[in-house]
1. So THR225 clears everything in (1) modelled with pLDDT of 90 or more; (2) in contact with a Gly (Cβ under 7 Å, 6 or more places away or on another chain); (3) within 24 Å of GLU48 (Cα to Cα) except one condition, right? Which one?
2. Please verify whether segment 106-115 includes one or more residues that are at positive phi, modelled with pLDDT of 85 or more and in a loop (DSSP other than H, G, I, E, B).
3. What is the residue count in segment 206-240 for residues that are over 27 Å from TYR280 (Cα atoms) and not in a helix (DSSP H, G or I)?
4. Which of the following residues is more than 23 Å from LEU255 (Cα to Cα) and at pLDDT below 70: ALA186, ALA178, ALA163, ALA150?
5. For segment 256-276, how many residues are crowded, with 18+ Cβ neighbours inside 10 Å and touching a residue at least 60 places away in the same chain (Cβ under 8 Å)?
6. Is at least one residue of segment 15-34 of a type outside the set (A, V, I, L, M, F, W, C), at pLDDT 75 or above, over 15 Å from the mean Cα position of the chain (by Cα) and farther than 17 Å from SER133 by Cα?
7. Yes or no: GLY99 surrounded by fewer than 20 Cβ atoms within 10 Å (Cβ to Cβ) and at pLDDT 85 or above?
8. Scan segment 245-264 residue by residue and report those that are assigned to a loop (DSSP other than H, G, I, E, B) and either of a type in the set (Phe, Trp, Tyr) or modelled with pLDDT of 80 or more (or both).
Amino acid sequence: MVRLRRLLREMVGAGAVVGVLLFHAAPTFADNSMTGSLPPSPNPSTPEAQSYVFTGPNNGATVTLTLTYSPNVTLDSTGHPYDALVGFNVYGDDGTLFGKSGLASPGVRTWSFISTSSVHQYTVQVFNYAEASSVSYTLSIQGADLAPAATPTPTPNPAIVPATLMPLPTPTPLPSTAPAAPTPQALNTALTAPGQKVTGRLTGGVISTLQDISVSGTSNGSPITLTLSAQQSALVVSGLAGFNVYQMQGGVKVLIAVALPPTINSPVVTVTFPGGTEGYGNFIAEVYNSQPGAELDYTLTRS
């Protein structure tokens with residue numbers, strides 16, 4: 001269960017700019033908090049989400065985000081706890097994952113950081129993986145001003161049915177004085193057909209270390225299944241390592257699917273997604289390792 005929570009909070013893969021699904025209720029703005037609702041998730045690997053932005057102060061102040069949501073029930077109809085299915089991620093102005101919410105109490109998630117002397121814009125993405133019902137929420141902030149994120153024109157993606165994906169605004173690069181963001185290692189051209197495997201090694205960092213692997217689409221749009229295993233299975237079981245699947249759309253890396261364990265505490269993670277590439281090209285499997293200093297020796301298999 002710990003690893004399930006970790007994977008769902010990682011959402012959409014470390015170090016990436018993610019797509020936001022439409023059809024959520026319009027939020028309201030009052031008293032430096034945002035109130036809204038998200039409909040049920042269409043499937044276990046695809047969240048509903050809404051984004052907000054704030055600018056970090058340059059005085060070293062502490063910024064605290066708090067998400068309160070309901071219904072606050074122990075399990076949804078699929079048997080998963082709501083507290084593992086609802087939360088938020090925070091992205092820097094270069095588009096990389098900066099922070100993840102932690103559970104403060106049932107129905108309440110929070111996250112804090114000390115803002116540096118550099119001014120950056122951050123994006124907060126509230127997500128809902130619950131398939132049982134919609135989720136109402138309030139996102140509040142202390143130490144900064146919260147605002148709705150700009151809404152770009154949605155781009156249909158025929159590889160995903162029935163969702164319409166909408167990328168986040170194009171991020172502004174960090175100033176040269178900012179700490180360097182993690183850069184995925186060179187893209188491996190591999191996994192072009194069922195039965196192929198890719199092996200690799202990743203040394204984890206404070207911000208997840210990434211490895212991008214190319215995955216060719218299918219001519220008829222038939223599903224693709226990918227499975228990741230590792231010698232260090234504890235990293236996979238705990239959710240510190242895994243992978244997500246993306247496509248490039250208009251220069252933006254958009255989340256297509258999140259790899260999840262087939263059973264609780266499984267030493268592998270797997271995902272199946274439509275293989276059609278109409279208009280967007282092939283896929284990218286992004287392996288991540290977020291345990292600082294730990295080696296991850298992995299195998300990614302296409303079946």
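1. The number of the failed condition is (2).
2. yes
3. Adding up the residues that qualify gives 9.
4. Working: ALA186 fails: more than 23 Å from LEU255 (Cα to Cα); ALA163 fails: more than 23 Å from LEU255 (Cα to Cα); ALA150 fails: more than 23 Å from LEU255 (Cα to Cα).
So the residue among ALA186, ALA178, ALA163, ALA150 that is more than 23 Å from LEU255 (Cα to Cα) and at pLDDT below 70 is ALA178.
5. Selection size over segment 256-276: 12.
6. yes
7. Values: surrounded by fewer than 20 Cβ atoms within 10 Å (Cβ to Cβ): yes; at pLDDT 85 or above: no.
Against the criterion (surrounded by fewer than 20 Cβ atoms within 10 Å (Cβ to Cβ) and at pLDDT 85 or above), GLY99 does not qualify.
8. Taking segment 245-264 and keeping what is assigned to a loop (DSSP other than H, G, I, E, B), we get 250-251, 259, 261-264.
Hits for segment 245-264 are ALA259, PRO261, PRO262, THR263.
The values are calculated or read from the model by the stated rules, or taken from the named source; none is laboratory data. Because the structure is a prediction, the values reported are computed rather than measured. Don't worry about glycine lacking a Cβ; one is built from the backbone with ideal geometry, like all the others, and counts go over all protein chains shown.
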